[in-house]
Amino acid sequence: MNAPHAHTTSWVTQRLRERIEAGTLLPGAKLAEQQLAGELEVSRNTLREAFTALAAHGLVERIPNRGVFVASPGADGVREIYAVRRVVEPAALLWAPVPEGTVERMESIVTRALAAKERADVPAMAAANQELHRIIVGLNASDGVTEMMERVLARMRLVFFAMHDQPDFHTQYVLLNARLVELLGRGERAQAAEAMRGYLDQAEAELLGHLERDARA
């Protein structure tokens, strides 16, 4: 018997998206249609509609005669992600209103990230990073920008999973995030925006270098 929510493509899409973002379904993993339909108690047609929605967000890709796979963003995907982030995030830090309590929320995330760093918990560091950047994006107070950036940050999470064997990559961004929040808390918004631009340039270069090394291996 189907679950009560089974006919809602949006529910299935969200469940699969959560698994992808949590790393339960990693980049390159094949999405077994029959197995997932059984686990989620949905029809295969509903599941296929969810695949279509996820593909539109760049989270899965259909490979003819092979099936549907969790997307593995390559170099072009990384460049596209960072091109968008360079426009949106520094601008938010420089110009967007900062509601009361926002800096405190960001400080709390940094505290959790630092604790994860001490435990060498890479998934928790990556999750905290995503949460912090969602808050930065949210400063724009634009539903359109937030929706667009949700797609970008979801694809960003896939890129981060490619760095699972490079824990220092995540560690350094915990410290850089702490610096961003410190600058914002002091009202040094121009410096925070400039630090964000440098941060994004550095991350993009590291990710592209990692992909290049993998391609040569």
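Summary of computed values
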item	result
Helical mean residue ellipticity (222 nm; -39500 (n - 2.57) per DSSP H run of 4+; nearest 500) of the chain	-24000 deg cm²/dmol
Residue order for TRP95, TRP11 - accessible surface, 1.4 angstrom probe, largest first	TRP95, TRP11
Highest-MSF residue in the chain out of GLY138, GLY58, GLY67 [GNM, Cα springs under 10 Å]	GLY67
With Cα atoms, 0 to 90° folded angle of helix 9-22 axis to the chain main axis	50
Between the range 169-217 and the range 118-167, the Cα center-to-center distance that results, in Å	12
Qualifying trypsin sites (Lys or Arg not before Pro) in the range 20-78, DSSP loop, other Cβ atoms within 10 Å at most 11	ARG66
Residues whose placed amide H lies under 5 Å from that of SER72, excluding near-sequence neighbours	GLY28
Carbon plus sulfur fraction of accessible area for the range 99-217, probe 1.4 Å, in percent	52
Gyration tensor verdict on the range 1-92 (Cα atoms; rounded if a/c is under 1.5, prolate if a/b is larger than b/c, oblate otherwise)	prolate
Calculated from backbone phi, Karplus (6.51, -1.76, 1.60) coupling profile of the range 178-192 in Hz, x at Gly/Pro	4, 5, 4, 5, 4, 5, 5, x, 8, x, 8, 6, 5, 5, 5
Alpha carbon Rg of the range 61-199, scaled by the compact-globule rule 2.2 N^0.38 Å	1.09
Probe 1.4 Å, accessible area per residue of the chain, Å²	51
Approximate spin-label separation LEU26-ARG105, in nm, with each point projected 7 Å along Cα-to-Cβ	3.2
Percentage relative contact order, the range 10-150, counting C-alpha pairs under 8 Å, at least six apart	19
Per-q log10 I(q)/I(0), the range 39-96, q = 0.12, 0.19, 0.27 Å⁻¹ (Debye; single scatterer per alpha-carbon; no solvent)	-0.47, -0.79, -1.09
Global geometry of the range 139-217, whether rounded, prolate or oblate, following the gyration tensor of its Cα atoms and the 1.5 cut on a/c	oblate
Shape of the range 109-177, Cα gyration tensor, a/c cut at 1.5	oblate
Estimated vicinal HN-Hα couplings, Hz - the range 42-52 in sequence order (Karplus 6.51, -1.76, 1.60; Gly, Pro = x)	10, 6, 5, 5, 4, 4, 5, 5, 5, 4, 4
GNM flexibility winner over the chain from MET148, MET106, MET125 (Cα, springs under 10 Å)	MET148
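The values are calculated or read from the model by the stated rules, or taken from the named source; none is laboratory data. As the structure is a computational prediction, the values presented were derived from the model and not from experiment. Neighbour counts are summed over all protein chains in view; Cβ atoms, including those assigned to glycine, are modelled from backbone coordinates with ideal geometry. Please note that ligands, DNA and RNA were not included when accessible areas were found on the heavy atoms of the full protein model with its side chains. Shrake-Rupley method; radii C 1.70, N 1.55, O 1.52, S 1.80 Å.
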